[in-house]
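Participant: Take a look at the following structure, please.
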Amino acid sequence: MLAKEAQDAFDDPNWVFEIKWDGYRAIAEITGNDVKLYSRNGISFKNSYPAIYSELKKIGQSVVLDGEIVVLNKDGKSDFQKLQHYEENTEFPLCYYVFDILSLNAIDLCDQPLRERKKILKKIMKQNGIIKYSDHVEGDGVRFFKAAQQKDLEGIMGKKADSLYHKGKRTREWLKIKHHHSQEAIVAGFTEPAGGRKYFGALVLAIKEGKNLRYVGHTGSGFSEKTLKETYDLLSPIKRNTSPFKELIKTNSPVTWVQPKYVCEIKFTEWTSDHKMRHPIFLQIRKDKNINDVTMEAIMPVKKSSKPALKKTPSPKKAVKGKPGQNVLDDEMNFGKVQVKTSNLSKIYWPKERITKGMLIDYYQEIADYILPYLKDRPESLKRNPNGINDVGFFHKDAGTNAPAWIQSKKIYSESVNKEIDYIICNDKPTLAYLNNLGCIELNPWNSTIKNIDRPDYMIIDIDPSEKNRFEQVVETANMVKEVLDNVGASSFCKTSGASGLHVFVPMGQKYSYEQVKEFAHLISAVTNERIPSFTTLERNLKKRGDKKIYLDYLQNRKGQTLASAYSVRPRIGATVSTPLEWKEVKKGLNPKDFTINTIFARLKKTGDLFKGIFGKGVDLQKALGNISPEKKTR
């Protein structure tokens with residue numbers, strides 16, 4: 001439940017007033033020894049604040065609590081910056097101040113008045129040094145606010161004593177009355193630095209107004225060199241070429257626009273008549289806040305009144321779990337009859353970009369309609385990086401006994417290990433979520449389906465550069481492969497590998513065996529190598545081929561070989577995505593690093609799926625083989 005902002009404190013016997021804590025809002029769900037503690041956007045705090053987990057287990061009842069995680073500084077005030085960097089400030093007290101209870105022993109209390117909920121809460125609370133009951137005063141808002149000012153606290157909360165708990169709603173029955181005039185704003189871009197300043201000059205700030213963004217000012221004040229760099233590193237991966245505003249925004253220096261993803265907290269003196277922040281000063285990035293909550297409706301304060309006239313909001317229907325792919329409030333994703341348990345959603349997978357495991361799961365749920373056609377009915381070789389991209393990772397092929405009963409799998413005999421392997425088949429969103437939760441950053445399907453396991457749908461030429469190859473050479477090689485294929489009458493499709501190479505696919509239409517397809521790929525690669533022998537090779541061994549030769553990998557066409565699917569993320573810096581291309585894009589200036597989980601969706605809106613042609617009727621190998629002939633070497 002969220003609060004509106006009020007301009008001034010007031011007295012009212014029908015209201016209670018609490019301290020406004022400056023920390024992370026957190027819901028705690030406790031069932032026996034099972035404890036969940038998560039933010040408003042579903043990020044788990046388990047790894048960040050394990051001491052709170054340990055104390056919550058001691059409550060001994062099944063409850064759902066609402067409160068604020070804070071760190072108290074030497075003056076006894078909540079200090080958000082120390083909370084954000086708690087690993088560097090563990091000498092300061094960590095507390096979870098609980099101010100509401102939503103459920104007790106499976107009984108929903110949201111339809112009970114606040115005063116009754118708080119009575120129940122106080123009875124069941126086992127106070128200690130970490131878990132604390134957030135008390136209140138009744139009616140006396142003005143004096144309580146003055147006391148908060150004298151203590152230099154952030155402010156107070158006013159709550160109507162008979163208010164119900166409206167899940168996910170912002171209502172006028174809860175009010176925040178601030179001592180320090182601060183405001184959450186969406187970061188829309190940053191300006192170029194001037195003089196000796198590094199990284200950027202100012203942040204461009206916005207607030208949502210309906211479906212659009214409204215410009216509310218920009219700030220270059222309040223940054224240290226450390227926060228400048230931290231903010232720049234956070235924003236750099238989400239740059240965009242166009243402004244997110246509908247109107248033209250005038251700034252004193254050029255702007256780099258970013259995807260509206262992050263929220264920051266700003267201190268300022270007042271709102272101007274045209275709703276700009278006067279004298280804004282940066283306080284901190286708030287990763288626990290959602291941009292959809294930073295709206296004009298939320299910031300417009302309730303005007304001064306001794307007894308605000310507030311409508312009673314009807315009780316909402318029982319809350320349902322979020323859509324599949326969202327970091328729902330439970331560590332469980334609901335797909336109708338199937339529930340997928342997820343864990344450690346806040347674990348950082350990409351340290352530089354601050355991309356978490358939960359964000360990876362969300363990406364695959366959002367991209368599902370595009371990637372699933374390339375996974376459907378195909379055995380998966382699972383490449384797992386459960387500790388993120390800095391983890392070497394490992395391959396895992398057998399579904400094993402740990403896979404849920406609803407997971408589809410197929411046993412296929414493997415000559416290399418002389419046994420059957422029970423391969424997972426990924427045909428739907430629940431299976432995607434299950435694999436991602438295992439730490440599968442990339443998805444690697446077979447070239448054939450279980451319906452026709454010995455006949456691949458396509459042939460692949462994997463253009464794999466060595467360390468000292470320039471990407472322009474990779475591009476030249478791909479275009480030469482296309483030229484050779486065009487000459488033999490074979491259509492082709494290209495995608496980035498998501499790393500340093502390119503993949504060229506040729507439709508085969510399930511008409512030929514793996515061995516036939518591999519030999520055709522060998523011939524195409526040999527002709528390509530004859531045309532540009534100076535920097536291409538068919539030598540697989542890296543030591544033998546040297547560090548200046550591009551390997552034309554035709555062996556990807558053996559049965560059971562896999563590489564990253566179209567639209568698969570790769571465990572690489574930047575969170576790059578293996579992205580289908582138009583052949584006209586395969587030219588000088590192409591950069592695989594431009595295709596990431598932050599840019600792919602805007603691209604798909606423009607291009608659609610460029611890769612579906614790989615499932616075409618396929619090349620006529622007899623005719624194609626008759627057309628193969630080496631040509632004069634060009635390099």
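The values are calculated or read from the model by the stated rules, or taken from the named source; none is laboratory data. In this text, all values refer to a predicted model and were calculated from it rather than measured experimentally. Note: ideal-geometry Cβ built from the backbone for every residue, glycine included; neighbour counts use all protein chains shown.
Participant: Among the residues of the range 137-147, is there at least one that is over 33 Å from the mean Cα position of the chain (by Cα) and in a loop (DSSP other than H, G, I, E, B)?
Facilitator: Going residue by residue through the range 137-147, those that are over 33 Å from the mean Cα position of the chain (by Cα) are 137-147.
Restricting the remaining residues to those that are in a loop (DSSP other than H, G, I, E, B) gives 139-140.
Scanning the range 137-147, I find at least one residue that is over 33 Å from the mean Cα position of the chain (by Cα) and in a loop (DSSP other than H, G, I, E, B), so the answer is yes.
Participant: Can you name the residue in the range 230-249 that is over 21 Å from the mean Cα position of the chain (by Cα) and over 21 Å from Phe601 (Cβ atoms) and is also surrounded by the fewest Cβ atoms within 10 Å (Cβ to Cβ) among such residues?
Facilitator: If we filter the range 230-249 for residues that are over 21 Å from the mean Cα position of the chain (by Cα), which is where we start, we get 242-243, 245-249.
If we keep only those that are over 21 Å from Phe601 (Cβ atoms) as well, we get 247-249.
Working: Glu247: 10, Leu248: 7, Ile249: 17.
Top of the filtered list is Leu248.
Participant: While we're on this one: Test of understanding: among Ile156, Ile120, which residue is over 29 Å from Lys74 (Cβ atoms), outside any loop (DSSP other than H, G, I, E, B) and hydrophobic (A, V, I, L, M, F, W, C)? Step through it out loud before you land on a result.
Facilitator: Numbers: Ile156 fails: over 29 Å from Lys74 (Cβ atoms).
Exactly one residue qualifies, and that residue is Ile120.
Participant: Moving on. Need a quick list: strands (runs of 3 or more DSSP E) entirely within the range 341-422 having at least 2 residues that are of a type in the set (S, T, N, Q). Please lay out each step first, then the result.
Facilitator: Working: elements: 348-350, 382-384, 394-396, 409-414.
Strands (runs of 3 or more DSSP E) meeting the threshold: 409-414.
Participant: Tell me the residue from Ile131, Ile186, Ile101 that is within 36 Å of the chain's Cα centre (by Cα), farther than 15 Å from Asp66 by Cα and aliphatic (A, V, I, L, M), please. Break it down into steps so the answer makes sense when it comes.
Facilitator: Numbers: Ile131 fails: farther than 15 Å from Asp66 by Cα; Ile101 fails: farther than 15 Å from Asp66 by Cα.
Going through Ile131, Ile186, Ile101 in turn, just one is within 36 Å of the chain's Cα centre (by Cα), farther than 15 Å from Asp66 by Cα and aliphatic (A, V, I, L, M): Ile186.
Participant: Might you check whether a residue that is under 18 Å from Asp293 (Cβ atoms) and either touching a residue at least 12 places away in the same chain (Cβ under 8 Å) or not aromatic (Phe, Trp, Tyr) (or both) occurs anywhere in the range 194-205? Steps first, answer last, please.
Facilitator: Going residue by residue through the range 194-205, those that are under 18 Å from Asp293 (Cβ atoms) are 205.
Of the ones still in play, those that are also either touching a residue at least 12 places away in the same chain (Cβ under 8 Å) or not aromatic (Phe, Trp, Tyr) (or both) are 205.
Looking for residues that are under 18 Å from Asp293 (Cβ atoms) and either touching a residue at least 12 places away in the same chain (Cβ under 8 Å) or not aromatic (Phe, Trp, Tyr) (or both), one finds at least one in the range 194-205, hence yes.
Participant: A follow-up question, please. Please find, within the range 250-267, the residue that is farthest from the chain's Cα centre (by Cα) out of those that are within 22 Å of Leu2 (Cα to Cα) and part of a loop (DSSP other than H, G, I, E, B). If you could, list the steps in order and put the result at the bottom.
Facilitator: To start, the set of residues in the range 250-267 that are within 22 Å of Leu2 (Cα to Cα) comprises 260-267.
From what is left, the residues that are part of a loop (DSSP other than H, G, I, E, B) are 260-262.
Working: Pro260: 13, Lys261: 10, Tyr262: 12 Å.
Going through the qualifying residues, I end up with Pro260.
Participant: Tell me, which residue of the range 159-172 that is under 32 Å from the mean Cα position of the chain (by Cα) and in a strand (DSSP E or B) is nearest to Ala6 (Cα to Cα)? Lay out the reasoning, then the answer.
Facilitator: Filtering the range 159-172 down to residues under 32 Å from the mean Cα position of the chain (by Cα) leaves 165-172.
Still in the list and also in a strand (DSSP E or B): 170-172.
On the way: Arg170: 13, Thr171: 12, Arg172: 9 Å.
The selected residue is Arg172.
Participant: Just give me the residues in the range 192-205 being out of contact with any Phe, Trp or Tyr (no Cβ under 6 Å at 6 or more places or on another chain) and at negative phi, in sequence order.
Facilitator: Start the filter on the range 192-205 by keeping residues that are out of contact with any Phe, Trp or Tyr (no Cβ under 6 Å at 6 or more places or on another chain), which leaves 192, 194-198, 201-202, 204-205.
Scanning the range 192-205 gives Glu192, Ala194, Gly196, Arg197, Lys198, Gly201, Ala202, Val204, Leu205.
Participant: Continuing with this model, one more query. Say we look at the range 173-227 and pick out the residues that are among the charged types (D, E, K, R) and within 26 Å of Lys4 (Cβ to Cβ); which of these is surrounded by the most Cβ atoms within 10 Å (Cβ to Cβ)? Show your work before the answer.
Facilitator: Quick first cut of the range 173-227, residues among the charged types (D, E, K, R) only: 173, 176, 178, 184, 192, 197-198, 208-209, 211, 214, 225-226.
From what's left, within 26 Å of Lys4 (Cβ to Cβ): 173, 176, 178, 184, 208-209, 211, 214.
Details: Glu173: 24, Lys176: 17, Lys178: 18, Glu184: 20, Lys208: 18, Glu209: 14, Lys211: 6, Arg214: 19.
Filtering the range 173-227 for residues that are among the charged types (D, E, K, R) and within 26 Å of Lys4 (Cβ to Cβ), the one surrounded by the most Cβ atoms within 10 Å (Cβ to Cβ) comes out as Glu173.
Participant: Shifting gears a bit: Inspect all residues belonging to the range 215-231 and state whether any of them is part of a loop (DSSP other than H, G, I, E, B), assigned by TED's automatic domain parsing to the domain that holds Arg278 and under 27 Å from Asp594 (Cα atoms). Quick ask: steps written out before the conclusion?
Facilitator: To start, the set of residues in the range 215-231 that are part of a loop (DSSP other than H, G, I, E, B) comprises 220-224.
Narrowing further to those that are assigned by TED's automatic domain parsing to the domain that holds Arg278: 220-224.
Filter again for under 27 Å from Asp594 (Cα atoms), leaving none.
The answer is no; no qualifying residue exists.
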